[in-house]
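See structure below.
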Amino acid sequence: LNPAEFRTQIEALSPDGIISTDAEFSERAARLFPDLLVQPDMTTREREPEHFWSLHDLRAMIFSSGTGGQPKIVPLSTSQLLFGALGSALRLDHHHSDCWLCCLPLHHIGGLSILYRCVWYGIPVLLHPDFSPARVCSDLDSGKISHISLVPTMLQRLLEHRVRNIPEGGDGSFPRRLRVVLLGGASASIPLLNEAQ
């Protein structure tokens with residue numbers, strides 16, 4: 001976000017404070033909202049007591065993409081995130097040995113949902129700070145990843161990279177451990193789906 005968009009979104013959220021462990025984000029926040037930036041002391045942090053999450057509690061607020069104008073705040077309750085995770089588990093057949101690769105931004109529902117699913121399923125998530133086809137292919141080839149979420153453009157770039165960099169002695173396919181490629185965010189063309197298959 002440029003400074004004006006950043007300011008608009010923070011003001012729309014009206015937070016009590018901003019906590020960040022990312023130096024670049026903290027620097028931006030400190031310039032625009034010096035009174036809101038909270039520097040957590042991670043060395044003396046005590047374990048939080050267990051907290052019951054009511055299904056109606058507000059759990060997160062994200063911004064829409066803004067394709068229809070200005071981005072709007074979308075409040076998400078525990079039930080919306082939980083039932084989304086349960087629906088995913090029913091459709092995708094999760095196992096305790098699964099591992100989800102997340103290379104989607106966490107400020108969008110696609111990336112954020114992966115974190116909630118993995119916490120509720122009790123499975124690991126491999127977080128990438130951004131999308132790199134080479135890094136994603138390498139992690140998929142490790143045989144540890146069972147699930148990945150992508151948008152069609154990312155899938156296209158991944159397949160293009162794969163065609164140019166087929167592992168020695170391989171046919172270009174990924175390990176069988178990769179059971180699910182969850183594709184969303186936009187329509188996928190039939191040629192792209194055929195190529196992926």
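The single condition among (1) assigned to a helix (DSSP H, G or I); (2) touching a residue at least 24 places away in the same chain (Cβ under 8 Å); (3) not basic (Lys, Arg) that Ile148 does not meet is (1).
Tell me, yes or no, whether segment 171-185 has at least one residue that is at pLDDT 95 or above, over 20 Å from the mean Cα position of the chain (by Cα) and over 24 Å from Ser88 (Cα atoms). No, segment 171-185 has no match at all.
Just one of the numbered conditions (1) of a type outside the set (Asp, Glu); (2) in contact with a helix residue (DSSP H, G or I) (Cβ under 6 Å, 6 or more places away or on another chain); (3) modelled with pLDDT under 95 is not true of Leu158: (3). Please tell me if Leu106 is outside any helix (DSSP H, G or I) and either among the aliphatic types (A, V, I, L, M) or under 17 Å from the mean Cα position of the chain (by Cα) (or both). Taking the combined requirement at face value, the residue satisfies it. Among the numbered criteria (1) within 26 Å of Pro71 (Cβ to Cβ); (2) of a type in the set (Val, Ile, Thr); (3) surrounded by 14 or more Cβ atoms within 10 Å (Cβ to Cβ), which one does Val181 miss? If we test Val181 against (1) within 26 Å of Pro71 (Cβ to Cβ); (2) of a type in the set (Val, Ile, Thr); (3) surrounded by 14 or more Cβ atoms within 10 Å (Cβ to Cβ), just (1) comes out false. Just to be sure I understand the filter: pairs with C-beta atoms under 8 Å, separated by 6 or more residues or on different chains, first member in segment 84-99 and closer than 15 Å to Leu115 by Cβ, second member among the β-branched types (Val, Ile, Thr) and open to solvent by 40 Å² or more (accessible area, probe 1.4 Å). Which pairs pass? Short answer, once both residue conditions are applied: Cys99/Val125. Among the candidates Ser88, Ser54, Ser79, the residue that is within 30 Å of Leu178 (Cα to Cα) and either in a loop (DSSP other than H, G, I, E, B) or touching a Leu at 6+ places or on another chain (Cβ under 6 Å) (or both) is uniquely Ser79.
Kindly indicate whether any position in segment 54-69 is touching a residue at least 12 places away in the same chain (Cβ under 8 Å) and in contact with a Phe, Trp or Tyr (Cβ under 6 Å, 6 or more places away or on another chain). No: segment 54-69 contains no residue that is touching a residue at least 12 places away in the same chain (Cβ under 8 Å) and in contact with a Phe, Trp or Tyr (Cβ under 6 Å, 6 or more places away or on another chain). Within the option set Arg28, Arg59, being part of a helix (DSSP H, G or I) and not polar (S, T, N, Q) holds for one residue only, Arg28. Just to be sure, is Ala4 surrounded by fewer than 10 Cβ atoms within 10 Å (Cβ to Cβ), modelled with pLDDT of 85 or more and under 21 Å from His108 (Cα atoms)? So Ala4 passes the test. Identify, by number, the condition in (1) closer than 24 Å to His95 by Cβ; (2) without any contact (Cβ under 8 Å) to a residue 12 or more places away in the chain; (3) in a loop (DSSP other than H, G, I, E, B) that Val119 doesn't meet. All conditions pass for Val119, except number (3). Filtering segment 84-130 to residues that are closer than 22 Å to Ser65 by Cα, open to solvent by 40 Å² or more (accessible area, probe 1.4 Å) and among the β-branched types (Val, Ile, Thr) leaves only Ile109.
The values are calculated or read from the model by the stated rules, or taken from the named source; none is laboratory data. Keep in mind that what you see is a predicted model, and the values were worked out from it rather than measured. Positions of Cβ are backbone-derived with ideal geometry, glycine not excepted, and every protein chain shown enters the neighbour counts. Each accessible area value is taken on the protein alone, full model and side chains, heavy atoms only, with ligands, DNA and RNA left out. Shrake-Rupley method; radii C 1.70, N 1.55, O 1.52, S 1.80 Å.
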